[in-house]
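Nothing in this text is a laboratory measurement; each read-out follows from the coordinates by a stated rule. These numbers come from a predicted model, not from an experiment. As a convention, Cβ positions derive from the backbone with ideal geometry for all residues, glycine included, and neighbour counts pool all protein chains shown.
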Amino acid sequence: MGAFKEPHGGVLKELYLGESAADEEKLKARDYKSWDLTQRQLCDVELILNGAFSPIDGFLPRADYDSVLESMRLQSGILWPIPITLDVDATFADEIGEGDMIALRDREGVLVATMEVTDIWTPDKTHEAVSVFGTDDVNHPGVDYLMNYGNEVYLGGRLRGIEPPVHYDFKLLRDSPSELRGRFRKMGWRKVVAFQTRNPMHRAHQELTIRAAREHEADLLIHPVVGITRPGDIDPFTRVRCYELIAQKYPEQTTALSLLNLAMRMAGPREAVWHGIIRKNYGCTHFIVGRDHAGPAAPDGGAPYYGPYDAQELFAKHQDELDITMVPFQQLVYVEDKAQYLPVNETTPDMKIQTITGTEFRRRLSEGLEIPDWYSYPEIIEELSKVYPPRHKMGFTVFFTGLPSSGKSTIANALLVKLKENGTRPVTLLDGDIVRKNLSSELGFSKEHRDLNILRIGFVASEITKNGGIAICAPIAPYRVIRRKVREMVEAVGGFIEVHVSTPVEVCEKRDRKGLYAKARAGTLKGFTGIDDPYDEPENAEVVIDTVALTPDLAAHRVVVKLETMGFIR
C-alpha cells in the first residue's frame, strides 16, 4: 500500500483563500456578525481548513449531523463518525439567519475564517450523547462537555479560510496534511504507521511502536494530540518535551514526530475510526489501535464505558472502506525473567510480570517514590516530576461548600491561621463575601451570576494552586455542576479538597445574624439557598463536617489531619 493514496472522500479540502481573495474577504467581514471561537472550536476550524477533516468543508449542516448520529455517514454516504458542529449561544443565534455570513475570530479578535450559515437548529443533546458516546452519563468527559460546557444552538455552513490560527510553541513540529505528505515524499517513505497518543510515552509505548513498524516494514509517525484532551491530562508543553526526549531513542531516518491540534471527544470506538480517517488524510497507510482506544476511565465503582477491544472491532468492520490498515495491539507487559516487553496474550503463567498503571505511576511521582528503569527513561521521569512534584510541595485548594450560616467562613479562617502557622506555602483566603466585594461586585444573585461568581473563584484558586500556593475558598457554591467545573480547573494544576460543611438548615437558620432566612421565609428575599433555591449536597467530598458537634477549631483541625493524611502537608 503506497503512502500517497487519495484522502478520505477523494480530495484534500484545503480551504484557505488566496492572498487577494483573503484581503477582500477581510473587508467584507467588517460588516459580518462575529463569533469568538472557543478553544475546541478553534481546533476544529484549523483541521477543517487545512484538510485534516476532509471531506468536511465546514461545520455540518443539520442533515449531515442527523445522518452522522444515526449511521456514522454523511448524507453523501461517506463514512464519518463524529459530528463537527459550531455551538453558539441563543443570543448570537437570534441575531443571525440562514444565508448570513459570519466572521469566526480567535480569542484576540483575529479573523480566522468566515462562514455562510446554512442551518440553525437546537439539538437534542441527550440523543447526541447516546449516539456518539453510547451514554448520557455526565461523568463521561465527552458527555460532560456536551451537556455542561457546549452552547445550546448549532450552526452549519461551509468555511472560507483567511489565515491559520497562530501557534507560538513548537512551530517546527506542526504540519498540515499537505506538508506532512511532502515530508514523507521527500524522505522516500511509502508505508507509514501512525501512533496516536494524548499521554507521555514510556518504554512500553516505544516497544509497541517499534514492533508495529517492523511487522509492517514501514516507517513510523508519532502523532500526538496537543489540542484538547481530557480534564486532568498532563499539559501539552510538558508532553511535547517528553515526546522530543523519547524521539531521540528511535532510529532517526525511520521515525518522525509531528503534532496534531485535535480536540478529542473521548468517544471510544467512533473516535478510533475518526482518528484513522484523519491519519489517512495526513498520508499514513497504517494506524495503531490499542486497548481501549480513546476511551475515558470508568467512573468510580462503575463499569467501563467501552470494552477493551470495541474500538478495534469497529475499525476492522470499516477497514476496507477506510483504506488504511489497522495495526491492533494488546496491552504490553514487562516480563522480568526475559527482561523485555511482551503482549499480554503471549505471556504464560510461569512468567514474572511487572506492570505499573497510570494511576500508580502518578502516585509514585506525587510521593517521590522510585520509578523503575524498565518503565521509563530517567530524563522523562525528571520532566514529569516538574508537573507532579511530591504532594507536600504541590499547590492545592481547600474548597468549602455549605448552606448560608453553616460555619464555612469561620472554619476557613481558623484553617487559614493553622496553615500559615505550618508555613510551608503562601496561603490565600477567598471568602464568599470578600470575593463578592472585590471580584464580583457587579454581579447579582441570579443562577447565571452565581455560577459566574463561583467560576471566578475557581479561576483565581487554580492560579494560586498552579504557582504552588494554597487557596482556601468559602462560598456557598450550591450547584454540583459548577463545583465539578471548579474541581476540574484546579485538579489540572494541583490538589483539590472539597469540604462539605453539612450543618442542618434549622441550625443555620438559628445562627443567622443578618436575618436572611427570616426574609426568605417571609417571601421578601427570593432565590435564597436552602429555602426557595436548591442546594445540591456533595456526593464525594473529601471531608464532611457537621458543626453542631464540632467547634470551629476542631473542625479546622479535622481538615488539617485530612491534608496530612493525603500528603499535602507534613
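Numbers at a glance
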| quantity | calculated |
| --- | --- |
| Where only alpha carbons of the range 391-566 are counted, the Rg and the Dmax (Å) | 15.5, 50 |
| Label-point separation in nm, D169 to K386, each point 7 Å along Cα→Cβ | 1.1 |
| Cα→Cβ-extended label distance, 7 Å offset, between N199 and R291, nm | 1.0 |
| Electrostatic dipole magnitude of the range 172-334 [Cβ: Lys, Arg +1; Asp, Glu -1; Cα centre; debye, to 20] | 440 |
| Gain on full stretching of the segment that runs from D512 to E215 - 0.36 nm per residue minus C-alpha separation | 99.7 nm |
| Magnitude of the charge dipole, the chain, Cβ model with Lys/Arg +1 and Asp/Glu -1, debye to 20 | 1520 |
| Linear extension gain, R185 paired with I353, 0.36 nm per residue minus alpha-carbon span | 56.3 nm |
| Sequence of W35, W374, W189 once ranked by neighbouring C-beta atoms within 10 Å, starting from the fewest | W374, W35, W189 |
| Which of F496, P538, A471, positive extreme of dipole for the chain (C-beta unit charges) | A471 |
| Whole-angstrom gap from the range 371-392 to the range 1-70, using each part's C-alpha centre | 40 |
| Computed E for W121/E207 - FRET, C-beta separation, R0 41 angstrom, nearest 0.05 | 0.30 |
| Within the range 527-570, backbone nitrogen closer than 17 Å to the virtual label 7 Å beyond the Cα of E367 toward Cβ | 562-570 |
| Dimensionless Rg/Rh of the chain - Kirkwood Rh, Rg from C-alpha atoms | 1.00 |
| Amide N of the range 10-25 lying under 11 Å from the label point, which is placed 7 angstrom from the Cα of I78 along Cα→Cβ | 10-14 |
| Dipole moment magnitude, nearest 20 debye, the range 307-455 about Cα centre, only Lys, Arg, Asp, Glu C-beta charged | 1300 |
| Mean Cβ neighbour count within 10 Å, used as a protection proxy, ranking 479-488, 51-60 highest first | 51-60, 479-488 |
| Packing-based exposure ordering (other Cβ within 10 Å, fewest first) of H449, H216 | H449, H216 |
| Alpha-carbon centroids, the range 472-545 and the range 77-133: separation in whole Å | 35 |
| Positive minus negative residues near K437 (Lys, Arg vs Asp, Glu; Cβ under 14 Å) | -1 |
| Dipole of the range 106-195 [Lys/Arg +1, Asp/Glu -1 at C-beta], most positive-end residue of A113, S131, L180 | L180 |
| Kirkwood-Stokes translational diffusion coefficient of the range 19-161, alpha-carbon pairs, 37 °C, 0.692 mPa s, µm²/s | 210 |
| Ranking of Y517, Y149 by count of other Cβ atoms within 10 Å, fewest first | Y149, Y517 |
